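I have placed the structure first, in the form of structure tokens, so that the comments after it can refer back to it.
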Amino acid sequence: MDTDLARAWMLAVAESIEADRERLSRLDAEIGDGDHGTNMHRGFSAVREALDGVDSPSASTVLVKTGTTLISRVGGASGPLYGTVFRTVGKQLGAGDSDVAELAAALSAGRDDVCRLGSAQVGDKTMVDALSPAVDALTAADPAGGLGPATRAAAEAAEKGAESTIPLQARKGRASYLGERSAGHLDPGAASTALIFRALADVARG
Ligand code: ADP
Ligand code: MG
Ligand code: MG
């Protein structure tokens, strides 16, 4: 991952969040307070502005700036959680370009931090249910294959992970207030995580 790819990734996420903003809020209306699309759209519009016209020296600075922007601009739970992921990934990447193994290691650190911050585990019906299998798929990918196939596997794993939240009862976040009634709905944060990994696979394809 180099500066251009990191920037393209964040811009692709902003676009895809914009396109799916209503769906994300609708999912959140079913088991939360209906603002997940609005929160993510506000956050990634601010990210787009923060990255626009600024020369970032590395993928690391692009991702750290993304994380910091999300933390300061998104009011909901998802802001600090996603902000932490991107900030940690950015910090872990360091100044140079990174390969599949380095990106996987950085994302793995991001996953650990978000699990700690939200005290969430796989199965709690949160974004972690999509993030964690995506990180595992990236880690398991053949590094010789390059970023294209590895990120495609990660996107597929994130999408499957998001789907897996449907039957679950939420144990973290607002949806947990619903108890059993949270079952039967896709977790909005897991849905946005799937968009984030699909955006990565799309920009890494070339
Ligand atoms: P809010 O719940 O404050 O309105 P959002 O609607 O933007 O924030 O985000 C909700 C999403 O955040 C949930 O769908 C879930 O995926 C994620 N989430 C909430 N709490 C946690 C947590 N403790 N750990 C991990 N993810 C969480
Ligand atoms: Mg919400
Ligand atoms: Mg809210």
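The table for this structure:
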| quantity | calculated |
| --- | --- |
| Flag if M40 is closer than 26 Å to G146 by Cβ, assigned to a helix (DSSP H, G or I) and either among the hydrophobic types (A, V, I, L, M, F, W, C) or at pLDDT 95 or above (or both) | no |
| Top-ranked residue of the range 174-201 - restricted to ones that are within 13 Å of ligand 2 (Cβ to nearest atom) and touching a Phe, Trp or Tyr at 6+ places or on another chain (Cβ under 9 Å), ranked as nearest to A154 (Cα to Cα) | S192 |
| Unique residue being more than 16 Å from ligand 3 (Cβ to nearest atom), of a type in the set (G, A, S), without any contact (Cβ under 8 Å) to a residue 40 or more places away in the chain and within 26 Å of T165 (Cα to Cα) when the list is A19, A29 | A19 |
| Helices (runs of 4 or more DSSP H) wholly inside the range 91-206 containing at least 3 residues that are β-branched (V, I, T) and crowded, with 20+ Cβ neighbours inside 10 Å | 188-204 |
| Neighbours by Cβ (under 6 Å, 6+ apart or cross-chain): first from the range 62-77, under 22 Å from S119 (Cα atoms); second aromatic (F, W, Y) | G67/F86; L70/Y82 |
| Evaluation of E180 against (1) within 16 Å of ligand 1 (Cβ to nearest atom); (2) without any contact (Cβ under 8 Å) to a residue 24 or more places away in the chain (one fails), failing number | (1) |
| Hits in the range 32-60 (condition: more than 18 Å from G75 (Cβ to Cβ) and either of a type in the set (V, I, T) or within 16 Å of ligand 3 (Cβ to nearest atom) (or both)) | V54 |
| Criterion (touching a residue at least 40 places away in the same chain (Cβ under 8 Å) and touching a Gly at 6+ places or on another chain (Cβ under 6 Å)) met by exactly one of L24, L5, L51, L11 | L24 |
| The range 70-123, subset polar (S, T, N, Q) and over 20 Å from L24 (Cα atoms), residue nearest to ligand 1 (Cβ to nearest atom) | S119 |
| Residue satisfying all of: in the range 62-84; outside any helix (DSSP H, G or I) and among the aliphatic types (A, V, I, L, M); surrounded by the fewest Cβ atoms within 10 Å (Cβ to Cβ) among these | A77 |
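The values are calculated or read from the model by the stated rules, or taken from the named source; none is laboratory data. Predicted, not measured: the structure shown is a model, and the values here were computed from it. With ideal geometry, Cβ positions are generated from the backbone for all residues, glycine too; neighbour counts draw on all protein chains shown.
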